[in-house]
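Let me begin by presenting the structure, written as structure tokens, before commenting on it.
The values are calculated or read from the model by the stated rules, or taken from the named source; none is laboratory data. What you see is a predicted model; the values in this text were computed from it and never measured. Glycine gets a Cβ as well: all are built from the backbone with ideal geometry, and neighbour counts include every protein chain shown. The accessibility values were calculated without ligands, DNA or RNA, using every heavy atom of the protein model including side chains. Shrake-Rupley method; radii C 1.70, N 1.55, O 1.52, S 1.80 Å.
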Amino acid sequence: MPEIDVAQLVKTFGDQRALDDVSFTVADGELFTLLGPSGCGKSTTLMSIAGFQTPNEGRIAVGGEAIFDASSRLNLAAERRNLGIVFQSYAVWPHMTVFDNLAFPLKVRKLSRKDLGTRVREVLELVDLAPYEKRYPHQLSGGQQQRVALGRALVYSPSVLLLDEPFSNLDAKLRERARTWVKDLQHTLGLTTIFVTHDQDEALSMSDRVLVMDGGVVQQIGTPEEVYRRPANRFVAEFVGQVNLITGTVAGHEDRNAIVDAGEAARGLRVRVDQAPQPRSSLTVAVRPEALIVEAAGDASHNTSNTLLARVTSVAFLGDHYQYELDASGLALTAQSPHQVGSTDVKVHIPPDACAVVA
Amino acid sequence: MAVVQKSIALPRPRRPLLPAGALQAAVWILVVGLIVGPFIPMLYASARDRPLYEAGGILTLEPYRQLFSDGEFWKAWANTLQYAGLTTIMAVIGGASVAILVSRTNLVWRRAFGRLILLPILLPPLGLVLGWIVVWGPGGYLANLFSQRLHLATLAIDTIPGMSLIEASRLLPVAYMTCEAALARADSSLEDAARSAGATPSRVLRSVTIPMLRPALLNSATLIFTLAVASLGIPLLLGTARNIKFVSSYLYLQWTNAEQPDPATVSAGAMMLLVVATLLLLLRNRLLGAEARYVSIAGRAGRNAMLPLRGLRWPLAITIALYLTFSTLIPVLGLALMSVVVVLTPLVAPWKLLTWDHWHQLSTGEFHRAIVNSLEISLVGAILATALVTVATLVAHRSRFPLRKALPFVLLYPRATPGLIIGIGFFWTYLLTWGVGSWLRGSIWGIMLAFCVRNLPFAYVVMYPTLARIGEELDRAGRAAGAGWWRTCRGIVLPLLRPAIFSAFILMFVEILCDYDPALFLVKPGNEVIGTTMLSQFIQGSVGPVAALAVVQVTITLVVLGLGARLFKIGVTGGHDA
């Protein structure tokens, strides 16, 4: 089964570089996500793999076999790449029944009528659409249409599955169900999959690994945990989830922690670092709101260092947690806690391990 | 959940026998060759010292020198510009007014007017002109009736303003359609906002609606001006008798009636006309910008609040009704009446002169041949042209063929090219292409080819908006599934395009049936078509049978369009996006 190898892709539209030296490798059976805001180049990357965009430079190989190589002018036509793709609009052919939609790729491959019927029904079973084979797309719900698109992409056993924002047209409830369902299916089939989304929740919950992209440049590649907990830079920290950014100067170094002075409020803040930073250099640290520990100012606390005094400026109840906007002597922080804190004067503890240096 | 069993060995998709690029290139070459090709022999013919059918000869600019030194030619240009200018002003003001009234005000019967106003452009142009002449022309029925019985002078239609009026009534729908489409696209909440801000309806019109229409006005004005410059029927039928020559009729008469026909000079004149038409088309493309070039069929949902006309609701409706009556209904009725009386004169009551002789003539000789020939070439031509335009539109918008971007411009080019130039171009082309050419020249198929090329743009403008609404992901899904370009087109795009293909066919049939001017240079005894027969017989004075023939043409047109509209409605649902 194939591994996808994308190397040094460059795509320009006029003066604009839509893809700037994009490289990554997707392991066999992996669910790999391209995550980024709209216009970041994630769809261009996917369409380059599918064969609907022609990059100016770079190389794409599936299972060791090059399907695109700018240097040797190799550009296999989309129809000869044998990839399965689900489009954002589903692109279910409106003039064909569900059965015919799935049969089309097999007719192109000149399967016998009997084999074709068997295979289509097998896949309809797999995507839970067996009772609907005679329906036309307009008689189906959005979720069912999406499964038709998925079935159509799977019916010819493609080497790779490409998903282009497949959940963005579903409503919130259905979207969550579809995610689990697709993830399970992908896992069962062991199909190497590239998934494009701008929704960080989707990316974190489904992927084996995530590639975060912005302005055509790869920002970080890592597991969902790595990307969330140890963002490589400010962009990744801000794009994936909510974040507090604290900027200060490096005052010293102790064990695996840097000591950072961030204004009046946060002097001597301990921050976990991988390498010792230059003393007196400027440093920006990202901390997730749910990593902050908020307690009433009077409570006895086991945390003494990295604890700031703050005033609550607003509280919002969000069902499973409370969100606090805090003012720690001029430093604005957002914190989340499952507990309600009674007073307006609070202590905020910033665990050194929850801090990631982003700049 | 069942695991996908690979119970069946799935082969990889195979390469098609014919690479898609070859098919795309062939279509591209065919389209460009058919549309641009005929002008090359014409250019060649215009720069020779003798006609191409005479042996020998050298390249020279003598024909141009001769043409430019002819005072008549420049006078014809002056007349043409005056005629086209007047036509443009009348047609644009009229068309835009009706469009605003119909789509933005509470005019009475506005829905019916919105449909009826299109009639002049759907009816055969030549038939309509003959109708005008029969009724309003010098010695025309109503013109005589008014002057003799009521002592009221009617407008002399054989003057330049008179001819412009007829041309304007024919081209008014062009302005109407462009403005109506612009209004349908524009958000009417812009107008509602102005009214909320305290503007009166007339103020809203002046300050919001009309300024928003400016691009549509400029666009339709350029097109109407070009079409008026290219017009031949009205100048020939009404101008010639009064010795008012226009560029088109000047060239035609030089070709046919001069004591010493001079094809080289005529070709030079045609080249000049072609250059002017091309410049106007380029100007229009510049005015339009890339996006707004095509009218989208898709309407906006929701109804607009209508500007109240108050006391003018009825007077304006009656004005439009009168206009339609005098410009369209009466000429058509005049033709019908003319076809069943010996002579049409206010001196004797028509029912005393009833006769079926004119209609009997239609079943014999040239008239009969013309009807059969026209039906044949309309049917075959519409099928061929629709097929070609369909594939060409796919190449232009749904392929990666390197030269595809040129196709939309080329496909629209004949719209602005005067019919007589296409006729002259094909005449020389047939002359220079040996066996095939001489076969085409001697049969109705040569005329069919010229008519097809002339009317290709209509098929394209019908086809493109529908194609644009078929999401590109639908055919990408086909490609990803393993189907090649042509297989994807056949299996996915063409079935979805079916309603548009059908309406393009209907439109092509009607346009070819009603066309006439390219054929004037190609027609020979035996291969007459309805248009050329009407023109030549009318000039020879057999008005009655010509009127009957025009009634036949009008009837076929209306029946085919009506049938098409009915069938078309059924097919529309197939074209929606996923």
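Relative to the compact globular guide of 2.2 N^0.38 Å, what is the alpha carbon radius of gyration of the protein assembly as shown, as a ratio?
Its radius of gyration relative to the 2.2 N^0.38 Å reference: 1.24.
Go ahead and run the numbers for FRET between B:A55 and B:W439, Cβ-Cβ distance against an R0 of 25 Å, rounding to 0.05.
Between B:A55 and B:W439 the formula returns 0.70.
How high is the FRET efficiency from B:V36 to B:T364, r the C-beta distance, R0 56 Å, rounded to 0.05?
About 0.85, to the nearest 0.05.
Quick check: at a probe of 1.4 Å, how many percent of the accessible area of the protein assembly as shown sits on carbon and sulfur atoms?
Carbon and sulfur together cover 58 percent of it.
Within the range B:203-221, find all residues whose amide N lies under 17 Å from a label point positioned 7 Å from the Cα of B:D187 along Cα-to-beta-carbon.
B:208-209, B:212-213
From the residues A:G51, A:G64, A:P37, which one has its Cα farthest along the dipole of the range A:7-68 in the positive direction, the dipole being from +1 and -1 charges on Cβ of Lys/Arg and Asp/Glu about the Cα centre?
My answer, from the dipole projection, is A:P37.
Taking 0.36 nm per residue of sequence separation and subtracting the Cα-Cα distance, how much length would be gained by fully extending the chain between B:L563 and B:V275, in nm to one decimal?
Taking B:L563 through B:V275 to full extension adds about 99.8 nm, to one decimal.
Would you check the accessible area of B:L347, probe 1.4 Å, heavy atoms only, in square angstrom rounded to 10?
130 Å²
What range in chain B is the longest one free of GluC sites (Glu not before Pro) that are in a loop by DSSP and have at most 14 other Cβ atoms within 10 angstrom?
Segment B:260-578 is the longest.
Go ahead and collect, in residue order, the members of the range A:27-64 whose backbone nitrogen is under 19 Å from a label point 7 Å along the Cα-Cβ direction of A:S71.
Within reach of a label on A:S71: A:55-64.
Taking every pair of distinct Cα atoms and averaging 1/r, then inverting, what Kirkwood hydrodynamic radius in Å comes out for the range B:1-125?
So the Kirkwood estimate lands at 22.6 Å.
Largest first, how would B:H397, A:H253, A:H138 line up by accessible area (1.4 Å probe)?
A:H138, A:H253, B:H397
Full-extension gain between B:R203 and B:A25, please, as 0.36 nm times their residue separation minus the C-alpha to C-alpha distance.
58.6 nm
Residue farthest toward the positive end of the dipole of chain B, with Cβ of Lys/Arg at +1 and Asp/Glu at -1: which of B:A565, B:N373, B:P173?
Positive-end residue among those listed: B:A565.
Name the residue from B:A78, B:Y250, B:I157 whose Cα lies farthest towards the positive end of the charge dipole of the range B:71-355, charges +1 on Cβ of Lys and Arg and -1 on Cβ of Asp and Glu.
B:I157
For the pair A:V10/B:L403, report the inter-label distance in nm, with labels modelled 7 Å from Cα in the Cβ direction.
The answer from the label model is 3.1 nm.
Set the Förster distance to 25 Å, then compute FRET efficiency between A:L174 and A:Q323 from the Cβ-Cβ distance, nearest 0.05.
The computed FRET efficiency comes out at 0.40.
How fast does the range B:71-355 diffuse by Stokes-Einstein, in µm²/s, taking the Kirkwood radius from C-alpha pairs at 10 °C and 1.306 mPa s?
So the translational diffusion coefficient is about 76 µm²/s.
Before we go on, tell me the buried accessible area for the A/B pair, both chains summed, 1.4 Å probe, in Å² to the nearest 100.
3700 Å²
So if a site counts as exposed when it's one of the trypsin sites (Lys or Arg not before Pro), its DSSP state isn't H, G, I, E or B, and it has at most 15 other Cβ atoms within 10 Å, what's the longest stretch of chain B without one?
In chain B, the maximal stretch lacking such sites is B:15-299.
So what's the net charge close to B:Y53: Lys and Arg +1, Asp and Glu -1, counting the other residues with Cβ under 14 Å from its Cβ?
Every neighbour counted, the sum reads 0.
Mind listing P(r) for the range A:221-265? All alpha-carbon pairs, 5 Å bins, whole percents.
5, 19, 21, 17, 21, 14, 3, 0
Dipole of the protein assembly as shown, Cα-centred, from +1 at each Lys and Arg C-beta and -1 at each Asp and Glu C-beta, to the nearest 20 debye?
2480 debye
Compute the distance in nm between two label points, each set 7 Å from the Cα along the Cα-to-Cβ direction, one at B:V342 and one at B:A387.
Result: 5.2 nm between the two label points.
Which whole-number value in Å² is the accessible area per residue of the protein assembly as shown, probe 1.4 Å?
44 Å²
With each label point set 7 Å from Cα along the Cα-Cβ vector, what nm distance links B:R313 and B:R242?
In this crude spin-label approximation the distance works out to 4.2 nm.
What does the extension gain come out to for A:H339 and A:H253, with contour length at 0.36 nm per residue minus their alpha carbon separation?
My answer for the length gained is 27.6 nm.
Before anything else, pin down the relative contact order of chain A: Cα pairs under 8 Å, at least 6 apart, normalised by residue count, whole percent.
Worked out over chain A, it gives 15 percent.
Treat every Asp and Glu Cβ in the range A:94-233 as -1 and every Lys and Arg Cβ as +1, leave all other atoms uncharged, and give the resulting dipole magnitude about the Cα centre to the nearest 20 debye.
720 debye
The range B:16-56 to the range B:86-109: how many Å between their Cα centroids?
42 Å
About its Cα centre, what dipole magnitude does the range B:71-355 give when the only charges are +1 on Lys and Arg Cβ and -1 on Asp and Glu Cβ, stated in debye to the nearest 20?
Result for the range B:71-355 is approximately 1020 debye, rounded to the nearest 20.
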